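S.K.: Here you go, one structure.
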Amino acid sequence: MTQVSSELVFDQRLSETPKSATEREAILANPGFGDHFTDHTAIVDYKVDQQGEGGWYDARIEPYGPIALDPAACVLHYGQEIFEGLKAYRHADGSVWTFRPDANAARLNRSARRLALPELPEQVFLDAITNLVQTDQQWVPSGDGESLYLRPFMIATEAFLGVRAAREVSFRVIASPAGNYFGGELKPVSIWISRTYARAGRGGTGAAKCGGNYAASLLPQLEAEAHGCKQVLFLDQENDNAVEELGGMNVFFVFKDGSLVTPALSGSILEGVTRSSVLQLGRDRGLNVQERTVTLDEWRSGVASGEIAEVFACGTAAVITPIGRLMDENEEIGSADAKAGEVTMSIREELLGIQTGTVADKHGWLRRLV
């Protein structure tokens, strides 16, 4: 699809009824995760003209509110939708920064190509989040572990029931103040093994960040929660039960020989921004970093023998979360009483330190927004 110049200026159409300072402060005192939203949203629309040329237009900041969609909008029928997730952090001097937004912009475009959606110029992506955060900067919390979660997404808005790529699309960014994803003190979590369901298949959309992948994970996630687990683990059952990922997080293994291992990207695993950051921080430490196949049998035997010393999950929302126990109806691997590993917590501390400005950003990952 045709791209246009990224030189779009965001028109400011500000809310006449924003939350009062009192209302906002009450929300920021206990933000939760994804429960509350700021006063505005960033929007850029796309349309293919009669000559078949597509272009982005009408970049704007406008009040947060419902989206008016025709009942025949393609997103409602054929699932043409993609999204991203990143955070804005308040540093000690009051400035606001985000972490590796260029990586999110690049992944959004990889997802767009897979879902037959138009690619968005990277600068427009960056300008959208910058304008929104600058407009709603008072919503960025400053508490320990808190941030402003940013959700860019793209939906097919054309009213058309024929099965083809939509010719009208909307890119939007919303923002939500966020506390700790799993809430409270950080403790190793229990993970449920999905023996029945797959998150994505070969040749499917597993490498894209699209809503359908998450919809497919919801039923096994309910199964996990019914057994007291925080997340569900998906396996490639046609490949010796190779470990793929959790419902929304990548998995890492710390071996006692100093290896840091994560499943190799297979086309059905999402290439997480946090995942790639952890890989780099592991290399910086001189760890033997590997991206390779890890089977459930290796996980089981490695924990039993002590060869696997630590296991953790990572993603934008939760950052890094230690895994204590893996289980299903018939077995448990690890222990619900396991302690968070030294390497896990050290990498987590370094990553959070970079994001929040207390550790030097040697890789130039931070971008200032305010």
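S.K.: Find the lysine pairs in the chain meeting two conditions, Cα atoms under 24 Å apart and a separation of 8 or more places or different chains, and report how many there are.
M.R.: So the count works out to 12.
S.K.: A follow-up question, please. For region 11-178, what ratio Rg/Rh do Cα atoms give with a Kirkwood hydrodynamic radius? It would help to have the intermediate numbers written out before the result.
M.R.: Details: Rg = 16.7 Å, Rh = 16.8 Å.
We get a ratio of 0.99 for region 11-178.
S.K.: Work out the length of the dipole vector of region 11-178 about its Cα centre, built from +1 on the beta-carbon of each Lys and Arg and -1 on the beta-carbon of each Asp and Glu, and round it to the nearest 20 debye.
M.R.: Details: 16 positive and 24 negative charges, 104 e Å.
Around 500 debye, computed over region 11-178.
S.K.: Any idea of the accessible area per residue across the chain, 1.4 Å probe, to the nearest Å²? Can you show the working numbers first?
M.R.: Working: 16350 Å² over 370 residues.
On a per-residue basis, 44 Å².
S.K.: At 0.36 nm per residue, and after removing the present C-alpha to C-alpha distance, how many nm does the segment from Val163 to Gln12 gain when stretched out fully? Mind showing how you got there, number by number?
M.R.: Details: separation 151, 0.36 × 151 = 54.36 nm, distance 3.58 nm.
This chain segment gains 50.8 nm when fully extended.
S.K.: Same structure again: Dipole of region 189-356, Cα-centred, from +1 at each Lys and Arg C-beta and -1 at each Asp and Glu C-beta, to the nearest 20 debye? Mind showing how you got there, number by number?
M.R.: Details: 14 positive and 23 negative charges, 94 e Å.
Here the size comes out at about 460 debye.
S.K.: So, with a 1.4 angstrom probe, what is the percent of accessible area on the chain that is carbon and sulfur? If you can, show how the numbers build up before the last one.
M.R.: Numbers: 7690 of 16350 Å².
Here it works out to 47 percent.
S.K.: How tilted is helix 342-356 with respect to the longest principal axis of the chain? Cα atoms for both, answer in degrees (0 to 90, nearest 10).
M.R.: 20
S.K.: Let me ask you something else. Going highest first, how would you order 206-216, 67-77 by mean Cβ packing within 10 Å? Walk me through the numbers before you get to the answer.
M.R.: Numbers: 206-216: 18.8, 67-77: 14.8.
Ranked from most to least packed, the peptides come out as 206-216, 67-77.
S.K.: I need the Kirkwood Rh of region 9-73: take the reciprocal of the average 1/r across all distinct C-alpha pairs and report it in angstrom. Mind showing how you got there, number by number?
M.R.: Details: mean 1/r = 0.0682 Å⁻¹.
Hydrodynamic radius (Kirkwood, Cα only) of region 9-73 equals 14.7 Å.
S.K.: Mind putting together the pair-distance distribution for region 269-329? All Cα pairs, 10 Å bins, whole percent per bin, short to long.
M.R.: Going out from 0 Å in 10 Å bins, region 269-329 shows 17, 48, 33, 2 percent.
S.K.: Within region 292-370, list the GluC sites (Glu not before Pro) lying in a DSSP loop whose Cβ has at most 12 other Cβ atoms in a 10 Å radius. Before the final figure, lay out each step's value.
M.R.: On the way: sites: Glu298, Glu307, Glu310, Glu329, Glu331, Glu332, Glu342, Glu349, Glu350; in loops: Glu307, Glu329, Glu331.
Passing both the DSSP loop test and the Cβ count: Glu329, Glu331.
S.K.: What residue among Pro71, Gly32, Ala207 has its Cα farthest toward the positive end of the dipole of the chain, where the charges are +1 on Lys, Arg and -1 on Asp, Glu, each on the Cβ?
M.R.: Going by the charge dipole, the pick is Ala207.
S.K.: Given that compact globular proteins tend to follow 2.2 N^0.38 Å, what is the ratio of the alpha-carbon Rg of region 189-356 to that value? It would help to have the intermediate numbers written out before the result.
M.R.: Numbers: Rg = 14.9 Å, N = 168, 2.2 N^0.38 = 15.4 Å.
Normalised Rg, Cα atoms only: 0.96.
S.K.: Putting +1 on Lys and Arg Cβ atoms and -1 on Asp and Glu Cβ atoms, find which of Met327, Leu117, Gln138 reaches farthest to the positive end of the dipole of the chain.
M.R.: Projecting each Cα onto the dipole axis, the largest value belongs to Leu117.
S.K.: In degrees, nearest 10, range 0 to 90: what is the angle between the Cα axis of helix 122-135 and the longest Cα principal axis of the chain?
M.R.: 80
S.K.: For the peptides 15-26, 218-229, 109-120, what is the packing order when you average, over each peptide's residues, the other Cβ atoms within 10 Å and list the highest mean first?
M.R.: Working: 15-26: 12.1, 218-229: 15.5, 109-120: 19.5.
Averaged packing, sorted descending, gives the order 109-120, 218-229, 15-26.
S.K.: Over the chain, what is the relative contact order in percent, taking alpha-carbon pairs closer than 8 angstrom and at least six residues apart?
M.R.: Details: 768 pairs, mean separation 67.4, N = 370.
Contact order relative to length: 18 percent.
S.K.: Check Ile193: other-chain or 5+ apart residues with amide H under 5 Å from its amide H, H built from backbone geometry?
M.R.: Answer set, sorted by chain and number: Leu233, Met327, Asp328.
S.K.: To the nearest 20 debye, what charge dipole does the chain have about its Cα centre, counting +1 at the Cβ of each Lys and Arg and -1 at the Cβ of each Asp and Glu?
M.R.: On the way: 34 positive and 50 negative charges, 78 e Å.
Dipole size: approximately 380 debye.
S.K.: While we're looking at this one, here's another question. Rounded to the nearest 10 degrees, what's the angle between the helix 273-284 long axis and the longest principal axis of the chain, both from Cα atoms, 0 to 90?
M.R.: 50
The values are calculated or read from the model by the stated rules, or taken from the named source; none is laboratory data. All figures in this text were calculated on a predicted structure; none of them were measured in a lab. Don't worry about glycine lacking a Cβ; one is built from the backbone with ideal geometry, like all the others, and counts go over all protein chains shown. What goes into the accessible areas is simple: the full protein's heavy atoms, side chains included, and nothing from ligands, DNA or RNA. Shrake-Rupley method; radii C 1.70, N 1.55, O 1.52, S 1.80 Å.
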